Amino acid sequence: MASKKVTVTIPEDLLEEIRAEAAERGLSAYVAEALRFKRDRDRLRELVDWLREEHGPVTDDEHAEALEALADLDAEHERRHAAKRKAGEAA
């Protein structure tokens, strides 16, 4: 993938934190990943706005149901990771 060098201004304290976090990946990879994440969130927010315009706001019941589904997904994710860790320890 082609890359282009750009200049950005970042507060010093934030840059120090990012450099510490990005050590192995490198600052450029870290920043590119963060920008992709931000772009994706912006697109999701745009989709949410479109869906609200078309279908109306999410009800309290729908919100509660979604949170319950997310909790179930989190529990399954943790279960799978625990099983993988346990299998790795047994090897």
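The values are calculated or read from the model by the stated rules, or taken from the named source; none is laboratory data. In this text the structure is predicted, and so the values were computed from the model without any measurement. Here Cβ is always computed from backbone atoms with ideal geometry, including for glycine, and neighbour counts include all displayed protein chains. To get the accessible areas, we keep the full protein, side chains included, count just its heavy atoms, and leave off ligands, DNA and RNA. Shrake-Rupley method; radii C 1.70, N 1.55, O 1.52, S 1.80 Å.
Structural remarks
- Every condition in (1) surrounded by 10 or more Cβ atoms within 10 Å (Cβ to Cβ); (2) farther than 25 Å from Met1 by Cα is met by Glu53 except one, and the failing one is (1).
- Test set (1) open to solvent by 70 Å² or more (accessible area, probe 1.4 Å); (2) modelled with pLDDT of 95 or more; (3) over 22 Å from Lys5 (Cβ atoms) - Arg36 fails condition number: (3)
- Scanning region 14-32 for residues that are part of a helix (DSSP H, G or I) and either of a type in the set (A, V, I, L, M, F, W, C) or open to solvent by 100 Å² or more (accessible area, probe 1.4 Å) (or both) returns Leu14, Leu15, Glu16, Glu17, Ile18, Arg19, Ala20, Glu21, Leu27, Ala29, Val31, Ala32.
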